[in-house]
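Here's the structure we're looking at; comments come further down.
Throughout, read-outs are computed from the coordinates displayed, never taken from laboratory work. These numbers come from a predicted model, not from an experiment. A quick note on method: Cβ atoms are made from the backbone with ideal geometry, for glycine too, and the neighbour counts reach across all protein chains shown.
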Amino acid sequence: METTNLSVLAPVPPSWLVRTIMRPMTKALNPVMVLIAGRRHFGGAAMLRHTGRRSGKTYTTPVGAHLAGDVMIIPLTFGNTSDWVRNVRAAGGCQVRLNGRDHQLTRPEFQDPAQARPLVRTAFNPVFRGAFRMLGIRQFLVLSPAGEPDRGRS
């Protein structure tokens with residue numbers, strides 16, 4: 001499968017498990033995640049800042065993220081149709097605070113698990129990778145640091 005063209009993005013909804021169990025829990029977990037995401041020593045929980053594609057307002061969203069070298073990889077637990085994903089796609093990038101450091105990121109690219117495998121293996125330990133399979137994660141968002149040349153990640 002080729003890297004997904006950003007102009008024509010097929011919807012990838014969350015798995016049944018995520019829709020029925022995880023989504024209801026996010027209302028309780030997100031307030032806690034907002035407090036810890038992005039801080040030092042919470043390396044897997046990041047705070048993503050994005051601009052609303054219609055409102056122009058700045059929003060923050062807690063996400064799971066890791067670095068593979070200087071490339072940020074975010075498992076799309078809730079698929080590619082959530083507002084924050086659509087905002088990052090429309091803006092062509094975002095800012096992510098991970099482990100106490102801010103990262104300006106650009107060139108969002110959607111990859112299926114087979115495409116993302118080398119980055120996922122570099123960035124995430126076996127426990128995370130097993131959780132991705134269990135949760136039925138079918139897509140990852142890969143972002144490059146702003147100002148860096150495109151190195152052909154796919």
- [ ] Enumerate the helices in the chain for which the Kyte-Doolittle hydropathy averages -0.5 or more and the C-alpha atoms extend at least 15 Å along the helix's axis, using complete DSSP H runs.
- [x] 23-36
Open item on the list: Sorted from largest to smallest, which semi-axis lengths in Å does the alpha carbon gyration tensor of region 44-154 give for its equivalent ellipsoid, taking the root of 5 times each eigenvalue?
Closed with: 21, 16, 13
Task: Proximal charge balance of residue 37 [Cβ under 15 Å; K/R count +1, D/E count -1] - done: +4
Open item on the list: If you split all Cα-Cα distances of region 33-80 into 5 Å bins from zero, what percentages do you get per bin, shortest first?
Closed with: 5, 19, 23, 26, 18, 7, 2
TODO: Can you tell me how much longer the chain between residue 102 and residue 81 gets when fully stretched, taken as 0.36 nm per residue apart minus their C-alpha distance, in nm with one decimal?
DONE: 5.1 nm
Task: Net charge of neighbours whose Cβ lies under 15 Å from the Cβ of residue 98, counting Lys and Arg as +1 and Asp and Glu as -1 - done: +3
Task: Rounded Å value of the spacing that divides the Cα centres of region 37-64 and region 71-87 - done: 11 Å
Task: Normalised contact order of the chain, rounded percent, pairs of Cα under 8 Å and 6 or more residues apart - done: 29 percent
Open item on the list: Using only DSSP helix segments of four residues or longer, with each worth -39500 (n - 2.57), what per-residue ellipticity at 222 nm results for the chain after dividing by its residue count and rounding to 500?
Closed with: -8500 deg cm²/dmol
